[in-house]
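Data block below; observations after.
The values are calculated or read from the model by the stated rules, or taken from the named source; none is laboratory data. Small disclaimer: the values here were computed from a predicted structure and weren't measured. With ideal geometry, Cβ positions are generated from the backbone for all residues, glycine too; neighbour counts draw on all protein chains shown. Just so you know, the surface numbers come from the protein's heavy atoms only, side chains and all, with ligands and any DNA or RNA stripped out. Shrake-Rupley method; radii C 1.70, N 1.55, O 1.52, S 1.80 Å.
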Amino acid sequence: MIPVEVENRIAKYFFHNYLPEEIMDEIIDVLIPQCLNVEEEDIDHDELVMDAVLILLALLDEKSIK
């Protein structure tokens, strides 16, 4: 099994290098307000990931990201 840290680094590389800028902007616009004025330990990381995944699925909707 691949270590979680390796998976995270691969995902981060893909996210920052291959995701279309307009999709990245949409994700940032949704996630940033959820993190403002909240202590780090109070942020629900699972909810942030789910919100980002839902945005990705909606915006990519069978489009190629190459």
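Inside the stretch 1-25, can you point out the residues that are open to solvent by 80 Å² or more (accessible area, probe 1.4 Å) and under 22 Å from L60 (Cβ atoms)?
E7, N8, R9, I10, K12, Y13, F14, H16, N17, Y18, E21, E22
Answer yes or no: is there a residue in the stretch 35-42 that is under 15 Å from the mean Cα position of the chain (by Cα) and open to solvent by 100 Å² or more (accessible area, probe 1.4 Å).
Scanning the stretch 35-42 turns up no residue that is under 15 Å from the mean Cα position of the chain (by Cα) and open to solvent by 100 Å² or more (accessible area, probe 1.4 Å).
Can you confirm whether L54 is open to solvent by less than 80 Å² (accessible area, probe 1.4 Å), at pLDDT 90 or above and assigned to a helix (DSSP H, G or I)?
Taking the combined requirement at face value, the residue does not satisfy it.
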